[in-house]
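Working notes, structure below.
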Amino acid sequence: MTILRGHFAILLVVAAPAEVTSDVLEDALGPVSETFDLTVAVRRLTETPERSGETGTSQVSGEVRASAAEAPVDALGEAWTIAVHGADRPGIVHAVAGALAEVKGNVVDLATHLVGEPEAPVYVMTMRATLPAGEAGEAAAQHVARAAAALDVRCTIHRDESDLL
């Protein structure tokens, strides 16, 4: 869950029997969404290797986050952190996430908020992502950083270090 442009947003990943389609699930949530003035969008997830035995896995709104977080990092690439900040404007998430998708990256977690004075807010986005391993990851990181720079926002991006306990 996060706050996106002042609105609370949450992603739920649910498993349902094969006969429960996205339309059926969205219709079932209709009365609740009307009662609480919610916007609900249901999407079917594509199967991931570790979930290939399950049927009917669906997603309610937003990005595919849970299945990516459960998969081994080496199956998806290397873990990276991307931090973006600058003048608030529409399109920052779209541009950075789009650049990430162009290089076969995947968003694992994303948080945003505004800081500073109301008359000059600064948009801050922190994204955990996976990028291709090795030198391809370095090139992918540069591609994402260029996309952010084109929006005149500052972007720092680095590989995540393994935490040793």
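The values are calculated or read from the model by the stated rules, or taken from the named source; none is laboratory data. For clarity, every value in this text was computed on a predicted model and none was experimentally measured. Counting neighbours? That spans all protein chains shown, and the Cβs are built from the backbone with ideal geometry, glycine included.
The table below gives the values:
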item	result
Sole residue being surrounded by fewer than 17 Cβ atoms within 10 Å (Cβ to Cβ), modelled with pLDDT under 90 and not basic (Lys, Arg), chosen from Gly62, Gly53	Gly53
Which listed residue, of Ala148, Ala141, is closer than 16 Å to Ala99 by Cα, in contact with a helix residue (DSSP H, G or I) (Cβ under 8 Å, 6 or more places away or on another chain), part of a helix (DSSP H, G or I) and of a type outside the set (Asp, Glu)	Ala148
Of residues in the stretch 103-138 being among the small types (Gly, Ala, Ser) and in a helix (DSSP H, G or I), the one farthest from the chain's Cα centre (by Cα)	Ala136
Enumeration of residues in the stretch 139-165 that are free of Cβ contacts under 8 Å to residues at least 60 places away in the same chain and surrounded by 14 or more Cβ atoms within 10 Å (Cβ to Cβ)	Ala140, His143, Ala145, Ala147
